[in-house]
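Chemist: First, the structure itself, so that you have it in front of you.
The values are calculated or read from the model by the stated rules, or taken from the named source; none is laboratory data. From a predicted model like this one, the values you see are computed outputs, not experimental measurements. Virtual Cβ from ideal backbone geometry, glycine too; neighbours counted across all protein chains shown. Each accessible area value is taken on the protein alone, full model and side chains, heavy atoms only, with ligands, DNA and RNA left out. Shrake-Rupley method; radii C 1.70, N 1.55, O 1.52, S 1.80 Å.
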Amino acid sequence: MRTRLTEDMKSAMKSGDKERLGTIRLMQAAIKDLDIAMRGQGKETSDADLLGLLAKMVKQREESAKVYIEGGRPELAAKEKAEIVVIQDYLPKQLSDAESEAAIAKVIAETGASGIKDMGKVMAELRARHAGQMDFGKASGMIKAKLG
């Protein structure tokens, strides 16, 4: 992913795509910050960590776009949405609601989860298997409905 980001940054510079270039630079800065934080903990940054970071960046931009729209600033919301499109290019395909339901049901069956107290175990397994592919905020509600 890092190599792809660097190559895409070079091509954005050559083509003069300032919006894409700016977003890629933001992504690289966030990744560097994550690397520094992980190094401070004595850990290496994994691909799952990178996917989680990019998913978090998308979520932040979605929230910002919503606030801008509510505040009557559609031009700023459009900028946030354009950044979302660039960031999502680096994320794996997102699971649909039906695919998420199926993945949750499978993990519940495999882990033997029987109640809300097992929710953490189910979430941990889902994060391990589907990092960057699933909205874990939505998944949390789905899991509660199935276990509750």
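Chemist: Can you run down the residue pairs with Cβ atoms below 7 Å, 6 or more apart or on separate chains, where the first is in segment 88-103 and in contact (Cβ under 8 Å) with a residue 60 or more places away in the chain and the partner is open to solvent by 70 Å² or more (accessible area, probe 1.4 Å) and in a loop (DSSP other than H, G, I, E, B)?
Modeler: Tyr90/Met1
Chemist: Confirm whether Lys121 is open to solvent by 60 Å² or more (accessible area, probe 1.4 Å), among the basic types (Lys, Arg) and touching a Ser or Thr at 6+ places or on another chain (Cβ under 7 Å).
Modeler: Yes.
Chemist: Which one of the conditions (1) farther than 27 Å from Lys93 by Cα; (2) in contact with a helix residue (DSSP H, G or I) (Cβ under 9 Å, 6 or more places away or on another chain); (3) surrounded by 11 or more Cβ atoms within 10 Å (Cβ to Cβ) does Val58 fail to meet, given that it meets all the rest?
Modeler: Val58 satisfies all of (1) farther than 27 Å from Lys93 by Cα; (2) in contact with a helix residue (DSSP H, G or I) (Cβ under 9 Å, 6 or more places away or on another chain); (3) surrounded by 11 or more Cβ atoms within 10 Å (Cβ to Cβ) except (1).
Chemist: Among Ile36, Ile87, which is the only one that is over 20 Å from Gly132 (Cα atoms) and of a type outside the set (Gly, Ala, Ser)?
Modeler: Criteria check complete, one pass: Ile36.
Chemist: Within segment 61-92, take every residue that is not in a helix (DSSP H, G or I) and not aromatic (Phe, Trp, Tyr) and give me the one that is least open to solvent (accessible area, probe 1.4 Å).
Modeler: Out of the qualifying residues, it is Leu91.
Chemist: Going through segment 23-53 one residue at a time, which ones are under 21 Å from Ala78 (Cβ atoms), in contact (Cβ under 8 Å) with a residue 60 or more places away in the chain and not aliphatic (A, V, I, L, M)?
Modeler: Thr23
Chemist: I need the full set of residues from segment 1-46 which are open to solvent by 70 Å² or more (accessible area, probe 1.4 Å), part of a helix (DSSP H, G or I) and either in contact with a Leu (Cβ under 7 Å, 6 or more places away or on another chain) or of a type in the set (Ser, Thr, Tyr) (or both), in order please.
Modeler: Thr3, Met13, Ser15
Matching residues to (1) touching a residue at least 12 places away in the same chain (Cβ under 8 Å); (2) over 19 Å from Lys59 (Cβ atoms); (3) of a type in the set (Lys, Arg):
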residue	(1), (2), (3)
Ile108	yes, yes, no
Met119	yes, yes, no
Leu126	yes, no, no
His130	yes, no, no
Ser140	yes, no, no
Lys146	yes, yes, yes
